[in-house]
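Notes follow the structure.
The values are calculated or read from the model by the stated rules, or taken from the named source; none is laboratory data. For clarity, every value in this text was computed on a predicted model and none was experimentally measured. Backbone-built Cβ (ideal geometry, glycine too); neighbour counts: all protein chains shown.
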Amino acid sequence: MAKKPHYWLIKSEPNAFSIDDLFNSPDQTESWDGVRNYQARNMMRDEMHLGDLVLFYHSSCKPPGIVGIAEVSRTAYPDHTAWDPNSPYFDAKSTPEHPRWFMVDIKFYKKYSRIISLDELKQQPELCEMPLVKRGSRLSIMPVTQQQWDIINKLAD
DNA sequence: GCCAACGTTGGC
DNA sequence: GCCAACGTTGGC
């Protein structure tokens, strides 16, 4: 059985929530709510451990890329925004008794001195297996291998 | 703003 | 349970 990943990558639109927003959050911590994709949910709920490190990726901006690192500070618990009719993430099929969606808390860990752009990531042959660099990949949460982690952090130095 | 990719929905 | 239609993501 393969070793469970302890590194991750999450996407966020900086217009909505950037790594600076995370830095400025109370206790530099924010709940990662609004995930409404089963594959992403399952990884978050079943495989994210306390202390796992997470690459913070800015999407839908110029340029898209990895801007820093966050840390999982609380493991999965029900995403209550699914129960709020006024929330954009409302889902009538999720109830407190049978929650369908989950979230974790992440805490600011570090911000890179520069953005590692998607373009630069694509130029690394060793990163070609990352879902991120593949055409049409829409996964908002994905595992990152130790090797990929090391390469990316070396680029950030 | 375009559109390819792909996940979800719903009729049958 | 198939699959066409639809909606969303996200780079360009």
Which numbered condition residue A:72 misses (of (1) within 13 Å of DNA strand C (Cβ to nearest atom); (2) assigned to a strand (DSSP E or B)): (1)
Residue among A:107, A:93 that is modelled with pLDDT of 95 or more and either closer than 24 Å to residue A:46 by Cβ or surrounded by 15 or more Cβ atoms within 10 Å (Cβ to Cβ) (or both): A:107
Of residues in the stretch A:135-153 being within 14 Å of DNA strand B (Cβ to nearest atom) and over 17 Å from the mean Cα position of the chain (by Cα), the one farthest from residue A:36 (Cα to Cα): A:135
Residue among A:110, A:62 that is within 16 Å of DNA strand B (Cβ to nearest atom) and farther than 22 Å from residue A:39 by Cα: A:62
Number of the condition not met by residue A:90 [criteria: (1) within 16 Å of DNA strand C (Cβ to nearest atom); (2) aromatic (Phe, Trp, Tyr); (3) within 21 Å of residue A:56 (Cα to Cα)]: (3)
Failed condition for residue A:94, given (1) touching a helix residue (DSSP H, G or I) at 6+ places or on another chain (Cβ under 6 Å); (2) assigned to a helix (DSSP H, G or I): (2)
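If you go through the stretch A:61-69 one residue at a time, do you hit one that is closer than 22 Å to residue A:20 by Cβ, without any contact (Cβ under 8 Å) to a residue 24 or more places away in the chain and either in a helix (DSSP H, G or I) or charged (D, E, K, R) (or both)?
First, pick out the residues of the stretch A:61-69 that are closer than 22 Å to residue A:20 by Cβ: A:61-69.
Restricting the remaining residues to those that are without any contact (Cβ under 8 Å) to a residue 24 or more places away in the chain gives A:62.
Imposing the further condition that a residue be either in a helix (DSSP H, G or I) or charged (D, E, K, R) (or both) reduces the set to A:62.
Yes, the stretch A:61-69 contains at least one residue that is closer than 22 Å to residue A:20 by Cβ, without any contact (Cβ under 8 Å) to a residue 24 or more places away in the chain and either in a helix (DSSP H, G or I) or charged (D, E, K, R) (or both).
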